[in-house]
Amino acid sequence: MRIRAAIASDIPQIKRLILESPSAAQWNDADYASLFNSSQPALRTALVMEESGAMFGFITARSIGSEWELENIAVATASRNKRIGKQLVGELFKLAQSQGASAIHLEVRESNQAARRLYQSCGFLESGRRRGYYNNPQEDAILYSFSFSSPKK
């Protein structure tokens, strides 16, 4: 398996992965298209893990100066618990650090224990809460941050 930069033709497979991941951010077509907006290519990042044309997971992020936000991550149902999410986060760390990032932030549903365990295993620390941030169902968001000046686990 290899991790590579996503391209626009990956969108259908990315959407299929999202359908398997109801706790991931459910984006609309405009959100996906914005990943490949050529007017601001350095601000958005999308990586996919694939093998022989089959996609096993993806991760998206955006940068605002030296701060990054992990926007979305999903792993194919049949490929969960095989460290694919951790590998995608690790590759994002390498990319962000190579571009001078000082930190990566994210928010996750409070009930999404699998994602929270993933983020904590990658060295993210809980940094706050947004009450009632999510809808359908309404739920708090737990905020996490990773600082590149902190040691990774």
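Among the residues of the stretch 1-21, some residue qualifies, meaning at least one is hydrophobic (A, V, I, L, M, F, W, C), assigned to a strand (DSSP E or B) and touching an Asp or Glu at 6+ places or on another chain (Cβ under 6 Å). Of note, Lys153 satisfies the criterion of being modelled with pLDDT under 95, in contact with a helix residue (DSSP H, G or I) (Cβ under 8 Å, 6 or more places away or on another chain) and more than 20 Å from Arg44 (Cβ to Cβ).
Filtered by the rule that a residue be touching a residue at least 40 places away in the same chain (Cβ under 8 Å) and assigned to a helix (DSSP H, G or I), the stretch 97-108 gives a lone residue, Gln97. Of all residues in the stretch 97-107, none satisfies being farther than 17 Å from Arg62 by Cβ, hydroxyl-bearing (Ser, Thr, Tyr) and modelled with pLDDT of 95 or more.
Yes/no matrix, rows are residues, columns are (1) out of contact with any strand residue (DSSP E or B) (no Cβ under 6 Å at 6 or more places or on another chain); (2) closer than 26 Å to Arg4 by Cβ; (3) at pLDDT below 95; (4) not small (Gly, Ala, Ser):
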{"site": "Asn72", "(1), (2), (3), (4)": "no, yes, yes, yes"}
{"site": "Arg129", "(1), (2), (3), (4)": "no, no, no, yes"}
{"site": "Tyr134", "(1), (2), (3), (4)": "no, no, yes, yes"}
{"site": "Phe146", "(1), (2), (3), (4)": "no, yes, no, yes"}
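The residues of the stretch 100-115 that are under 25 Å from Leu43 (Cα atoms), surrounded by 12 or more Cβ atoms within 10 Å (Cβ to Cβ) and not acidic (Asp, Glu), listed by number, are Ala101, Ser102, Ala103, Ile104, His105, Leu106, Val108, Arg109, Ala115. Evaluating Glu51 against the criteria (1) more than 27 Å from Tyr134 (Cα to Cα); (2) out of contact with any strand residue (DSSP E or B) (no Cβ under 8 Å at 6 or more places or on another chain); (3) not basic (Lys, Arg) leaves one unmet condition, (2). Taken over the stretch 1-44, the criterion of being of a type in the set (Ser, Thr, Tyr), exposed (fewer than 14 other Cβ atoms within 10 Å of the Cβ) and either under 13 Å from the mean Cα position of the chain (by Cα) or at pLDDT 90 or above (or both) is satisfied by Ser9 alone.
Yes/no per residue for (1) buried (at least 17 other Cβ atoms within 10 Å of the Cβ); (2) in contact with a Phe, Trp or Tyr (Cβ under 8 Å, 6 or more places away or on another chain); (3) more than 20 Å from Gln26 (Cβ to Cβ):
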{"position": "Ser66", "(1), (2), (3)": "no, no, yes"}
{"position": "Thr77", "(1), (2), (3)": "no, no, no"}
{"position": "Lys86", "(1), (2), (3)": "no, no, yes"}
{"position": "Ser98", "(1), (2), (3)": "no, no, yes"}
{"position": "Leu118", "(1), (2), (3)": "yes, no, no"}
{"position": "Gly128", "(1), (2), (3)": "no, no, yes"}
{"position": "Asn136", "(1), (2), (3)": "no, no, no"}
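When restricted to residues that are in contact (Cβ under 8 Å) with a residue 40 or more places away in the chain, within 17 Å of Arg117 (Cα to Cα) and either of a type in the set (Lys, Arg) or not in a helix (DSSP H, G or I) (or both), the stretch 72-93 contains 4. Go through the residues of the stretch 113-132 one by one and say whether even a single one is within 16 Å of the chain's Cα centre (by Cα) and basic (Lys, Arg). So far as the stretch 113-132 goes, yes, one or more of its residues are within 16 Å of the chain's Cα centre (by Cα) and basic (Lys, Arg).
The values are calculated or read from the model by the stated rules, or taken from the named source; none is laboratory data. Treat the numbers as computed from the prediction; the structure is a model and nothing was measured. No Cβ is skipped: glycine too gets one built from the backbone with ideal geometry, and neighbour counts run over all protein chains shown.
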